[in-house]
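Below is one structure; the comments refer to it alone.
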Amino acid sequence: ILFLVFVVMLIMPFYLQGQDTTKKLSAISFSPEKPKRHFHSPKKATIFSACFPGLGQTYNKKYWKIPMIYACIGTTVYFITTNDKAYKKYKQAYINKTDNDPLTIDTQTAYTESGLREMQDAYRRWRDLNIILTGLFYAMNIIDAYVDAQLIAFDVGDNLSMNVFPSINFYPQNKNFSTALTVAVRF
């Protein structure tokens, strides 16, 4: 019996079927019974998104992602400019307070030199953080376009090799019901 289990375990992987990841959309189909399809290039989607954010999503026909991309990048760019203006304002105020020139007007009398230095450093850190976030959102835009283009031909239909669904079992011996998750695997 141990030998039989070993043979079944050895043969079983050859009967398992999953998603065919090697299938690509053909460039042009010349046979009359097959519809014409054009090749969807992940490289082209990546280049489009790198040149202009959102263009790769347009190429992939994922239009709903474009407003999210511009909201993320636009918000961080807004905070970059706002924090940069505040940084320059407190930097100039610090310079005015420490230049020892009697003709210089001190516009920030509520802050000490160390307070102005702290405000200047805080706004510079926030500006730099938003620059990093903008770069991350830009990179995520490019990665998203590439992944979407790779998965454009991925089959997500009902005819997959594994299905998980809830079920209710009835036991007539003791007249009880039980609920379960059923996993159906097609070999």
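The values are calculated or read from the model by the stated rules, or taken from the named source; none is laboratory data. All values derive from a computational prediction rather than experimental measurement. Please note: Cβ atoms are built from the backbone with ideal geometry, for glycine as well, and neighbour counts cover all protein chains shown. Keep in mind that these areas ignore ligands, DNA and RNA; they rest on the heavy atoms of the full protein, side chains included. Shrake-Rupley method; radii C 1.70, N 1.55, O 1.52, S 1.80 Å.
Report, to the nearest whole %, how much of the accessible area of region 38-187 belongs to carbon and sulfur atoms, 1.4 Å probe, protein only. Whole-percent figure for carbon plus sulfur exposure: 65. Net charge in the neighbourhood of Tyr90 (other residues with Cβ under 13 Å of its Cβ; Lys, Arg +1, Asp, Glu -1) is +4. Heavy-atom accessible surface of region 59-116, averaged per residue, reaches 69 Å², computed with a 1.4 Å probe. Packing-based ranking of 123-131, 63-71 yields 123-131, 63-71, ordered from highest to lowest mean Cβ neighbour count within 10 Å.
Per-residue packing, averaged as other Cβ atoms within 10 Å, sorts the ranges 73-82, 95-104, 49-58 into the order 49-58, 73-82, 95-104, beginning with the highest.
Placing unit charges on each Cβ (+1 for Lys and Arg, -1 for Asp and Glu) gives region 36-187 a dipole about its Cα centre, and among Thr109, Val147, Gln173 the Cα reaching farthest toward its positive end belongs to Gln173.
For the listed peptides 175-185, 111-121, a ranking on the average number of other beta carbons within 10 Å per residue, highest first, reads 111-121, 175-185.
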